[in-house]
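Notes to accompany the following structure.
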Amino acid sequence: MKDMPYDERYMEHIEPTGLFLLFITLVSRRPPNMNAVAITALVDRWRPETHTFHLRVGEMTPTLQDVFMILGLPIQGEALRMNIASDGWREQMERLIGMAPLEPANKKDIAPAGANYKWIKSNFGEFPEGANGDTVWTYTRVYLWYVISRNLFANSVGKLAHWCWLKALTKLEHQWSWGRAALAYLYRQLDEGCRGIGVGGIGGCMLLHSVWIWERLPVGRPKRYKKRPWAHFENLNREPTWAYLWDHVSEMTNDPIVMYKHYTEELDTLTSEQVDCEPYGSFDHIGSAMRNLNPKCLEESGFWRMRCPLICMSAVEYHQPHRVMRQFGLYQHCPPQWQDTDRVLHRLDRKQHRKIQNWPDHHRNHVTAFAHSLDEPTEIKKTAEECEIV
């Protein structure tokens with residue numbers, strides 16, 4: 001992310017956040033070329049009721065396994081939820097980072113709670129020489145705010161870093177479950193995108209979504225070029241994730257309307273031979289195809305198949321790996337056990353329920369289920385071994 005450069009002095013303050021250094025190192029680079037047309041064609045096959053893409057070859061979806069292998073974000077930690085009341089947000093922002101955007105000249109104009117990316121770059125884009133410890137803390141916090149707003153929690157417009165993401169960084173040592181929050185946010189963006197809610201398309205982590213598509217489907221898959229050098233450090237936690245395999249790819253430059261029709265036809269005629277359900281390898285061989293894969297990418301594999309609520313502020317989305325067991329090399333029961341994720345949870349939306357400010361209390365049952373789900377990784381691993389396809 002060259003428009004907001006990373007400084008090595010941030011490292012000691014980033015490590016306690018739970019935002020692993022491998023993720024920060026990954027997103028501090030120039031991202032690969034995304035194919036928005038292919039993403040749109042696939043989003044049209046997303047079903048909010050199941051949180052899966054419904055394809056000719058069956059259901060498929062990004063899971064916690066993909067979050068960890070591609071982004072290296074932690075699954076363990078507290079649910080990312082807090083009171084999102086925006087009253088006095090400018091004063092709170094000033095206390096955290098020393099300044100805040102000015103109020104609009106016309107009091108009737110409604111200013112969103114947050115800062116434009118341009119404002120952040122103009123005020124914090126260049127790290128001052130000879131900065132003291134407090135300044136390093138401030139610039140680290142702003143850098144993380146910028147990074148997660150643009151890479152994990154981008155909205156469909158993509159111009160604003162919302163105040164709530166900075167508020168989540170009030171205590172940098174607070175261990176949030178960033179991985180589950182990122183997946184919850186992506187699911188919610190896909191839910192809204194497939195129904196045409198909002199403007200400008202879908203948000204969420206497009207790096208996760210794009211690499212997931214390229215690894216598993218031939219539709220819109222770019223040509224891979226020679227990877228750009230990865231800076232190696234003594235700290236192995238800064239080695240690359242699986243996304244590095246797609247570090248440098250070709251760009252789609254054809255007519256978007258023509259290509260949308262082409263991608264739609266490809267999705268309509270997909271065969272099982274064209275789909276790679278297990279791009280990372282199977283069981284004991286997961287990750288072996290990438291020589292310098294970061295060891296942290298496999299660290300929380302016992303949690304990949306949790307059926308659990310994914311929580312990100314006001315959004316609660318259910319992780320349903322039992323619907324895509326082929327992605328884990330397991331037998332797929334048909335039909336899978338039904339759990340409707342659409343009718344109740346998707347009615348709870350921050351835009352439509354502005355009076356609800358204390359989401360942790362409102363979602364307390366889901367927060368409890370979220371915490372309990374972390375107690376079952378051993379059982380999940382045992383089940384995987386029993387059900388392996390031979």
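Just checking, how many residues over the range 126-160 are more than 30 Å from Phe303 (Cα to Cα) and not in a helix (DSSP H, G or I)? Break it down stepwise before answering.
Within the range 126-160, the first condition is being more than 30 Å from Phe303 (Cα to Cα), and the residues that meet it are 126-139, 142, 157-160.
Among the residues that remain, those that are also not in a helix (DSSP H, G or I) are: 126-132, 157-160.
Of the residues in the range 126-160, 11 are more than 30 Å from Phe303 (Cα to Cα) and not in a helix (DSSP H, G or I).
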Practice prompt. For residues that are among the charged types (D, E, K, R) and open to solvent by less than 60 Å² (accessible area, probe 1.4 Å), tally how many sit in the range 232-265.
Written response: 3
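Within the bounds of the range 249-261, is there any residue that is of a type in the set (D, E, K, R) and under 22 Å from the mean Cα position of the chain (by Cα)? Explain how you work it out, then say what you get.
The first filter runs over the range 249-261 and keeps only residues of a type in the set (D, E, K, R), leaving 251, 255, 261.
Still in the list and also under 22 Å from the mean Cα position of the chain (by Cα): none.
Taking every residue of the range 249-261 in turn, none turns out to be of a type in the set (D, E, K, R) and under 22 Å from the mean Cα position of the chain (by Cα).
So that you can scan it fast, the table gives a plain yes or no per residue for (1) within 17 Å of the chain's Cα centre (by Cα); (2) at pLDDT below 95; (3) small (Gly, Ala, Ser):
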{"site": "Leu26", "(1), (2), (3)": "yes, yes, no"}
{"site": "Pro32", "(1), (2), (3)": "yes, yes, no"}
{"site": "Arg56", "(1), (2), (3)": "no, yes, no"}
{"site": "Thr63", "(1), (2), (3)": "yes, no, no"}
{"site": "Arg81", "(1), (2), (3)": "yes, yes, no"}
{"site": "Glu91", "(1), (2), (3)": "no, yes, no"}
{"site": "Ile97", "(1), (2), (3)": "no, yes, no"}
{"site": "Leu102", "(1), (2), (3)": "no, yes, no"}
{"site": "Asn106", "(1), (2), (3)": "no, yes, no"}
Discussion item. Considering only residues that are open to solvent by less than 10 Å² (accessible area, probe 1.4 Å) and closer than 14 Å to Asp66 by Cα, which ones fall in the range 184-212?
Written reply: Ala184, Leu186, Tyr187, Cys205, Leu208, His209, Ser210, Val211, Trp212
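With the condition kept exactly as written, say whether any residue in the range 175-188 is part of a loop (DSSP other than H, G, I, E, B), over 20 Å from Phe370 (Cβ atoms) and not basic (Lys, Arg). Let's see the steps before the verdict.
Let us first name the residues in the range 175-188 that are part of a loop (DSSP other than H, G, I, E, B), namely 175, 177.
Then keep just the ones that are over 20 Å from Phe370 (Cβ atoms); that gives none.
Scanning the range 175-188, I find no residue that is part of a loop (DSSP other than H, G, I, E, B), over 20 Å from Phe370 (Cβ atoms) and not basic (Lys, Arg), so the answer is no.
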Worksheet item: Is it the case that the range 13-20 has a residue that's buried (at least 19 other Cβ atoms within 10 Å of the Cβ) and within 22 Å of Pro309 (Cβ to Cβ)?
Response: yes
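The values are calculated or read from the model by the stated rules, or taken from the named source; none is laboratory data. Computed from a prediction, not measured in an experiment: that's the story for all the values here. Here Cβ is always computed from backbone atoms with ideal geometry, including for glycine, and neighbour counts include all displayed protein chains. All accessible areas refer to the heavy atoms of the entire protein, side chains included, with ligands and DNA or RNA removed. Shrake-Rupley method; radii C 1.70, N 1.55, O 1.52, S 1.80 Å.
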